[in-house]
Every structure is written in structure tokens, then in C-alpha cells.
Amino acid sequence: MSLVYVQHILAHKYQTTLQKYLNPSKDEVITAGLAHFARLELRRKNPPPAPLAPAYNPESLNVLFGGPR
């Protein structure tokens, strides 16, 4: 996202005010990194279920294979 957009969203008069968001502390970086890897591990242990295969329409199968209508 453009910094100009962020500036408007946060209602900052000057872009220099955004500087505090652009220089995170070491603790913030470590915390964000640990949270990222925790989310990855959670997804690895609990993957989302596979999408269901589409069901076949019995009427279409009958037409395709010459069965009763």
C-alpha cells in the first residue's frame, strides 16, 4: 500500500509522522517473526480440508452412458 494512502487512512497531516511505523524496535520485529512462524506451524499441523469434489448429475450420466432417462 502506498504511504500516501496510509497517511490518509491514519489522518496524518505529514508523511514524516509515518516514520514511527517504518522503524520497528528489535522486540517488535522478533515478536512479529515469532507470530508469523507460529501461524505457519499451526497451518502445517491443521491444514484446511480439501475441497469437496463436485457431484455428478445422475441425469447427465444417463445421457452420457445411455442409461434410463
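The peptide list 51-58, 9-16, put in order of mean Cβ contacts within 10 Å with the highest first, becomes 9-16, 51-58. Net length available on complete extension from Thr16 to Leu42 is 5.6 nm, with 0.36 nm assigned per residue and the Cα-Cα distance removed. Looking at (i) 10.2; (ii) 8.3; (iii) 4.5, which value of mean projected area of the Cα convex hull in nm² comes from a calculation on the structure shown? It is the one labelled (i). Rounded to the nearest 10 degrees, the inclination of helix 26-45 to the longest alpha-carbon principal axis of the chain is 10 degrees. Estimated purely from DSSP H runs of n ≥ 4, each contributing -39500 (n - 2.57), the mean residue ellipticity at 222 nm for the chain is -16500 deg cm²/dmol once divided by its residues.
FYI, it's all coordinate maths here, none of it is from the lab. Just so it is clear, the model here is predicted, and its values are computed rather than measured. Counting neighbours? That spans all protein chains shown, and the Cβs are built from the backbone with ideal geometry, glycine included.
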